[in-house]
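Written out below as structure tokens is the structure these notes cover.
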């Protein structure tokens with residue numbers, strides 16, 4: 001006897017088709033795909049910090065955070081770095097081509113807790129992508145939030161993406177944009193050194209500030225230390241973690257971080273939830 | 001399927017030759033019968049046509065890294081501890097298709113795999129198997145998105161459990177609290193005596209099945225003998241974990257030199273995880289048709305000992321065997337408590353028997369946690 005199981009179980013693994021309607025080359029290895037789902041279902045709106053599983057025909061799926069405006073549920077932007085089989089293949093796609101898409105998944109940034117507070121966003125490398133939706137969210141509701149500080153670091157100057165966006169965000173009221181490159185060049189007018197050096201330039205009241213961190217774990221460990229030293233309570237610091245995710249449903253086990261399933265318990269965690277293992281090699 | 005109050009009749013006696021009548025009853029209810037058989041030099045679950053296919057008169061000898069069968073020449077059907085797999089492969093398939101995609105059209109056409117609804121009656125599940133199944137139930141069915149394939153198989157499962165009357169040298173379920181007596185999760189539980197089985201029901205359908213056979217009461221003497229034999233199997237166990245909750249002790253010892261020492265012996269083959277009845281890790285993979293027009297997306301058992309298990313875009317979170325073995329043990333006996341409210345070890349001993357170099361989880365746990373080897 002064969003029949004579709006009434007539970008939505010196995011179906012929740014199955015992607016839907018989505019068409020590429022736009023493509024931006026952000027750097028020599030990073031690109032953004034704008035996707036339009038083929039069957040715009042009553043698709044759940046996403047929370048900044050959530051991710052989709054993007055599928056390349058015949059190769060496989062990868063988790064990619066959603067960069068676009070959470071207000072728009074018809075177009076989904078995904079910024080992707082060419083690093084593996086799936087992303088190398090995705091990099092060859094052009095507008096008109098099709099991919100598979102399922103999501104959104106995971107727990108995003110705590111936008112409700114951030115309301116009414118100053119927000120510091122500290123990112124490194126491509127860690128900036130999962131916070132773009134946060135920045136857009138705040139900018140669209142500017143009066144509901146306090147001061148916004150956007151701090152982004154890259155290894156080499158030419159690796160900075162979203163340069164136009166950073167320029168635009170500088171013009172938003174009550175918003176600071178601080179950029180750092182470990183290695184500068186002639187086109188780099190900003191700080192040369194570690195992103196955490198910029199913390200000295202930040203003015204914030206630790207008692208009414210929320211920090212959101214995304215980037216290499218070494219960077220986040222140092223950033224957490226600096227923020228704690230400045231008086232920020234542990235529970236006001238949030239980190240977006242990255243691990244191998246294959247099912248995105250908390251089943252396949254690859255993303256486990258101690259007892260946490262990063263794909264469903266995260267990827268955004270309050271610092272106290274992950275501090276026991278943060279920075280421990282092998283977890 | 002846990003035992004409901006009032007359902008459990010007094011125990012009845014099932015003569016050995018009537019086991020086939022129980023199988024006939026299950027078949028008449030639409031179940032395919034599954035039971036232990038001797039195959040490839042080990043006792044393994046397989047489809048059963050008749051009762052004489054059970055491993056009659058066989059004993060298992062299990063030690064670190066070794067498994068052997070011996071003929072005892074008696075009529076016992078269940079006088080062994082266990083084989084390389086419990087119920088896991090029958091509920092959580094080693095490989096199964098999740099969806100297919102047709103890439104010929106301009107738009108990709110996705111089709112979710114259909115879940116087969118099949119009734120399966122397993123005869124011979126042990127207490128460790130049922131304890132492990134309860135954990136896997138929670139993993140696959142307890143979340144917001146229950147797994148359809150697992151749910152369908154679980155729904156169709158009828159369990160005839162067998163209380164253990166023999167422990168192997170690698171068994172330690174008494175120390176984990178999971179055996180050797182079954183407590184719940186079965187429809188019928190049998191305890192084997194010289195001439196047959198003391199049988200108890202654990203569900204309404206189990207009680208119905210036993211009632212249909214028109215069996216006589218087991219009587220106090222047989223019941224007492226059954227209890228004594230199971231208790232003896234527990235007392236015969238020579239291994240033990242140094243505690244039921246080792247989470248704090250393990251995570252306090254992440255830099256213990258024993259991790260380096262065990263890494264020198266471990267081959268990172270993943271056998272332990274594949275025979276473990278509670279390990280749930282699996283990978284998702286893609287198989288493209290020969291002409292490249294369609295693809296099958298499937299999941300397949302994986303383990304934290306595999307090369308790619310924790311790799312993200314070129315970064316390897318666990319590049320060495322030390323960190324992989326540590327991940328396995330600190331998850332199984334440590335962080336598992338936060339996930340499932342108990343340890344991930346049910347004391348079946350399979351990881352000890354089937355480890356090609358004989359690494360013993362009870363010894364490693366004791367060494368890392370600073371306890372004397374039990």
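The values are calculated or read from the model by the stated rules, or taken from the named source; none is laboratory data. Quick caveat, the model's predicted, so the values are computed rather than measured. Don't worry about glycine lacking a Cβ; one is built from the backbone with ideal geometry, like all the others, and counts go over all protein chains shown.
Looking at B:244, B:239, B:208, B:227, which is the one that is in contact with a helix residue (DSSP H, G or I) (Cβ under 8 Å, 6 or more places away or on another chain), away from every other protein chain (no Cβ under 14 Å) and surrounded by fewer than 18 Cβ atoms within 10 Å (Cβ to Cβ)?
B:244
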Those residues of the range A:46-68 which are part of a loop (DSSP other than H, G, I, E, B) and away from chain B (no Cβ under 14 Å) amount to A:46, A:47, A:48, A:49, A:50, A:66, A:67, A:68
Every residue from the range A:227-255 that is at the interface with another protein chain (Cβ under 7 Å from one of its Cβ atoms) and within 20 Å of the chain's Cα centre (by Cα):
A:242, A:243, A:244, A:246, A:247, A:249, A:250, A:254
Residue that is surrounded by the most Cβ atoms within 10 Å (Cβ to Cβ) [pool: residues in the range A:262-283 that are touching a helix residue (DSSP H, G or I) at 6+ places or on another chain (Cβ under 9 Å) and under 15 Å from residue B:317 (Cα atoms)]:
A:283
How many residues are within 11 Å of chain A (Cβ to nearest Cβ) and buried (at least 23 other Cβ atoms within 10 Å of the Cβ) if we restrict to the range B:70-100?
1
Could we say that residue A:132 is at pLDDT 95 or above, outside the structural domain of residue A:25 (by TED's automatic domain parsing) and touching a helix residue (DSSP H, G or I) at 6+ places or on another chain (Cβ under 8 Å) here?
no
Consider only pairs whose beta carbons are under 7 Å apart and that are at least six residues apart or on different chains; among these, list those whose first residue lies in the range A:160-174 and is not assigned by TED's automatic domain parsing to the domain that holds residue A:29 and whose second residue is surrounded by fewer than 16 Cβ atoms within 10 Å (Cβ to Cβ) and not in a loop (DSSP other than H, G, I, E, B).
A:172/A:142; A:173/A:142
Right, residue B:152: part of a helix (DSSP H, G or I), within 8 Å of chain A (Cβ to nearest Cβ), within 25 Å of residue B:208 (Cβ to Cβ) and out of contact with any helix residue (DSSP H, G or I) (no Cβ under 8 Å at 6 or more places or on another chain) or not?
yes
Mind listing whichever residues of the range A:84-110 are away from chain B (no Cβ under 14 Å) and under 23 Å from residue A:255 (Cβ atoms)?
A:108, A:109, A:110
